[in-house]
Ligand code: ATP
């Protein structure tokens with residue numbers, strides 16, 4: 001086990017003479033035994049960060065330590081990490097037993113009996129004992145993924161690094177494997193960094209979530225922290241499905257005036273003091289349809305079973321509200337919505353920083 005520390009880690013690539021900053025002076029601590037999910041849009045630098053921790057990328061600047069050991073200049077094979085990728089890269093000509101034991105056979109002087117015993121243990125942990133004699137091509141995607149995990153676990157690493165390991169699986173299996181993977185990680189208690197672009201997966205799995213954009217770390221926190229107290233508009237917008245509603249409002253005294261007829265009087269205007277304009281966010285589940293509120297025109301109502309998604313237009317802004325399944329306004333109908341002031345998110349219009 002190990003605590004991983006990244007101190008101003010920077011990784012630049014040269015793209016035909018143009019410098020690409022894939023990771024921009026990243027400071028991040030992954031606690032001992034923690035399941036940390038690194039999430040962000042495509043190209044934000046997640047994979048490069050993970051590969052730098054693995055030792056597969058040489059960083060341009062900064063240091064990486066595992067506990068007190070500086071591993072920045074260590075080769076991948078000299079860091080005690082195990083990686084699991086989205087393409088499992090199992091050896092097609094070897095059966096599952098040999099695939100799982102292969103790393104140990106190569107890197108240790110363990111006897112075959114001892115390796116077999118360890119493979120049996122790991123197979124039992126993953127519930128794949130009956131697959132040990134099979135070749136990878138005879139396995140389903142989920143089974144192959146378990147074998148790939150087995151190969152990582154058997155090496156008893158200090159750190160697990162996983163890059164979108166579930167993205168080749170169908171939705172149902174992915175959901176099931178998420179839970180299994182979490183349970184397994186808690187059982188093994190091995191520090192884990194897990195990369196995904198899927199915020200739902202990040203929220204479901206991470207002890208904490210680190211959100212990146214453009215090579216820069218935006219926020220690290222629990223699912224609840226990043227959802228309810230985003231440090232900036234990017235995080236607020238990236239986390240949550242359906243996404244948060246966002247609009248620009250002018251500040252007129254204690255009142256926010258926005259597109260269409262948006263007008264909202266703040267009982268506490270102190271966060272917007274000194275601003276002419278602010279960005280306003282309201283989560284879809286924080287909106288309710290009321291008799292006397294802010295008007296918006298319904299475009300589509302999508303029934304979800306337990307609730308309805310109500311899509312609306314207010315001036316030039318599209319809004320989404322999650323409403324009770326018994327409410328079914330018709331398209332083109334004008335409805336009124338309301339929300340609690342505590343549910344409002346306010347951001348600086350230039351920097352995007354949260355004003356609360
Ligand atoms: P994705 O989810 O699409 O995999 P990511 O967040 O993992 O994206 P990275 O793969 O880390 O992002 O890439 C970050 C940036 O660095 C991108 O702009 C990418 O094009 C660039 N990059 C990554 N690897 C290289 C490389 N070997 N040479 C040049 N540029 C690279």
Review point. Using only helices, what value at 222 nm comes out for the chain when you add -39,500 (n - 2.57) per DSSP H run of length 4 or more and divide by the total residues, to the nearest 500 deg cm²/dmol?
Key: -7500 deg cm²/dmol
Exercise for review: With a 10 Å radius around each residue's Cβ, average the other Cβ atoms per peptide and rank 158-168, 175-185, highest first.
Suggested key: 158-168, 175-185
Exercise for review: Determine the gain in length on full extension of the stretch residue 121-residue 350; use 0.36 nm per residue of separation and subtract their C-alpha separation, reporting nm with one decimal.
Suggested key: 76.9 nm
Point to revise | Antiparallel bridge percentage (DSSP; both residues within the chain; nearest 5) | key: 75 percent
**Study point:** Mean Cα-pair separation over length for the chain, i.e. relative contact order, pairs under 8 Å, 6 or more apart, %
**Key:** 16 percent
Practice item. Using only the Cα atoms, work out Rg/Rh for segment 104-155, with Rh taken as the Kirkwood radius, to two decimals. Key: 0.97
Point to revise | Cα-Cα pairs of the chain separated by more than 26 Å (percent) | key: 59 percent
Review point. Can you give the extra length, in nm with one decimal, that the chain gains between residue 129 and residue 304 once fully stretched, where that is 0.36 nm per residue apart less the Cα-Cα distance?
Key: 59.1 nm
Exercise for review: Report, to two decimal places, the Cα Rg of segment 248-356 normalised by 2.2 N^0.38 Å (N = number of residues).
Suggested key: 1.10
Point to revise | Whether segment 132-198 is rounded, prolate or oblate, judged on the alpha carbon gyration tensor where a/c under 1.5 counts as rounded | key: oblate
Review point. How would you rank 186, 93, 197, going from fewest to most other Cβ atoms within 10 Å of each one's own Cβ?
Key: 93, 186, 197
Practice item. Take the alpha carbon gyration tensor of segment 191-327, find the square roots of its eigenvalues, order them as a ≥ b ≥ c, and report rounded if a/c is under 1.5; if not, report prolate when a/b exceeds b/c, else oblate. Key: oblate
Study note, to complete from the structure: For the residue 25, residue 270 Cβ pair and Förster radius 35 Å, calculated FRET efficiency rounded to 0.05 is 0.60
Practice item. Could you check what % of the DSSP bridge pairs in segment 54-196 are antiparallel, to the nearest 5? Key: 20 percent
Practice item. Return the whole-Å distance between the Cα centroid of segment 275-313 and the Cα centroid of segment 81-150. Key: 50 Å
Review point. For residue 243 and residue 75 in the same chain, what is the full-extension length gain: residue separation times 0.36 nm, less their Cα-Cα distance, in nm?
Key: 56.4 nm
Check your understanding: From the square roots a ≥ b ≥ c of the eigenvalues of the alpha-carbon gyration tensor of segment 62-138, which class results: rounded (a/c under 1.5), prolate (a/b over b/c), or oblate?
Key -> prolate
Exercise for review: May I ask you to derive the relative contact order of segment 243-347, considering only C-alpha pairs under 8 Å and at least 6 residues apart, and to give it as an integer percent?
Suggested key: 30 percent
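Bear in mind these aren't lab numbers, they're just calculated from the coordinates by the rules spelled out. All values derive from a computational prediction rather than experimental measurement. Methodologically, a virtual Cβ is constructed for each residue, glycine included, from the backbone with ideal geometry; neighbour enumeration extends over all protein chains shown.
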